[in-house]
Amino acid sequence: MAKMIFVNLPVHDVARATAFYEAIGFTRNPMFSNDRGSAMVWSDTINVMLLQRDFYATFTTKLIIDAHSSSGVLLALNFDTRDDVDAITGAALAAGGRELHDPEDEGFMYSRAFEDPDGHGWGPFFMDMAAAQAQFSDAGATAGQGETA
């Protein structure tokens, strides 16, 4: 069995949160969803559990943050192209999300950032691994210039 991750997020309104995540490309798994939570599938190995705040509280004795004013987690999703990054960000904004900052282009990596209606931060990104390896290999070679043994 493949290793999987289930990210649990507290939400104020399960139906609203479910609609937002469906709008950005997640699929609701009805087998593990009810009025207290929605199991949202991103891939075969990545799932997001949207849990009503009072239900979420049954899993922890800690204070549950208000993600609008406190950061508890930043979640990044890798995409195949820059256009895919722009598409999910556009869908998030159209579905009631908020853009957190302008697009960032590092040459080898392109990213955006948005938060869902409950304030949870997402950072979709595209990374050109060949360009990253070349950039960091060149940086390592440059850093070693001028050194003597």
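Residue by residue, here is whether (1) under 13 Å from the mean Cα position of the chain (by Cα); (2) acidic (D, E) holds:
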| residue | (1), (2) |
| --- | --- |
| P30 | no, no |
| W42 | yes, no |
| R53 | no, no |
| I64 | no, no |
| D80 | no, yes |
| D83 | no, yes |
| S111 | yes, no |
| F114 | yes, no |
Screening V48, V11, V73 for residues that are out of contact with any helix residue (DSSP H, G or I) (no Cβ under 6 Å at 6 or more places or on another chain), modelled with pLDDT of 95 or more and at negative phi leaves only V48
Residue count for region 19-41, restricted to those that are within 25 Å of L63 (Cβ to Cβ) and among the hydroxyl-bearing types (S, T, Y)
2
Which residues, counting only those in region 25-53, are among the charged types (D, E, K, R) and open to solvent by 80 Å² or more (accessible area, probe 1.4 Å)?
R28, D35, R36, D44
Which ones in region 82-108 are out of contact with any Phe, Trp or Tyr (no Cβ under 6 Å at 6 or more places or on another chain) and more than 21 Å from A19 (Cα to Cα)?
D83, H101, D102, P103, E104, D105, E106, G107, F108
Could you check how many residues of region 1-57 are of a type in the set (S, T, N, Q), within 21 Å of F79 (Cβ to Cβ) and without any contact (Cβ under 8 Å) to a residue 40 or more places away in the chain?
2
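The values are calculated or read from the model by the stated rules, or taken from the named source; none is laboratory data. This structure is a prediction, so every number in the text was calculated from the model and none was measured. Cβ: placed from backbone, ideal geometry, glycine included. Neighbour counts: every protein chain shown. Surface areas here come from the heavy atoms of the whole protein model, side chains and all, with no ligands, DNA or RNA. Shrake-Rupley method; radii C 1.70, N 1.55, O 1.52, S 1.80 Å.
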